[in-house]
Amino acid sequence: MPQCEMCGADQASLTTTKVEGAELELCSSCTDFGTEVRDESTGSGGSKYSTSSSTGKSSASGSSSGASGSGGSSGGSTRPRDMFDDMDEIATDYDDQIRNARESRGLSQEELADQLNEKASLIRKLERGDTLPTDEVQRKLERALDISLVEGESVEDADWNGGDSGTMTLGDVVKRKD
């Protein structure tokens with residue numbers, strides 16, 4: 001009998017539900033924590049999750065504006081696109097990368113800021129890890145310092161095998177606030 005991926009309950013039938021960007025097979029009591037995923041043939045107007053390819057911003061209105069992800073779908077996938085598909089993850093050590101690249105070029109924080117047409121305080125905050133760079137600042141830094149701040153697939157992700165539907169569920173790891 002299939003198990004709910006959130007609470008681990010054995011159920012005869014599970015519903016595919018999108019919770020925080022992940023599609024999970026959930027029992028009827030856990031489906032309230034997300035949005036039910038329907039086949040694309042039912043229309044894209046009813047989904048809470050839609051993205052606009054022109055702005056890259058998420059729209060939670062559920063309107064049928066035709067921005068549900070018709071462009072750039074990966075061959076044969078019937079899963080609806082959401083805002084997480086187009087996001088790049090910034091490297092966890094971005095602050096060290098920026099500092100090391102700047103120092104290897106012999107630049108001060110102020111000189112780098114002038115070169116990027118940004119404030120020196122922003123460079124200080126980035127190097128301390130106090131703030132994440134915006135997409136624009138990230139591109140400027142990558143160009144100026146010849147580095148990549150985008151994180152590739154981590155070893156943990158590559159080694160993880162979701163094929164074992166055995167003992168571990170989200171319910172084993174997460175405490176629900178009811």
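The values are calculated or read from the model by the stated rules, or taken from the named source; none is laboratory data. Only a predicted model underlies this, so the values are computations on that prediction, with no experimental measurement involved. Please note: Cβ atoms are built from the backbone with ideal geometry, for glycine as well, and neighbour counts cover all protein chains shown. Remember, those area values only see protein heavy atoms, side chains included, never the ligands or the DNA or RNA. Shrake-Rupley method; radii C 1.70, N 1.55, O 1.52, S 1.80 Å.
Scan segment 85-115 residue by residue and report those that are in a helix (DSSP H, G or I) and either among the acidic types (Asp, Glu) or loosely packed, with under 12 Cβ neighbours inside 10 Å (or both). Hits for segment 85-115 are Asp85, Asp86, Asp95, Asp96, Glu103, Ser104, Glu110, Glu111, Asp114. Gly71 falls short on exactly one of the conditions (1) open to solvent by 60 Å² or more (accessible area, probe 1.4 Å); (2) in a loop (DSSP other than H, G, I, E, B); (3) at pLDDT below 70, and that condition is (1). Between Glu127, Glu136, Glu118, the distinction of being buried (at least 17 other Cβ atoms within 10 Å of the Cβ) and under 25 Å from the mean Cα position of the chain (by Cα) belongs to Glu127 only.
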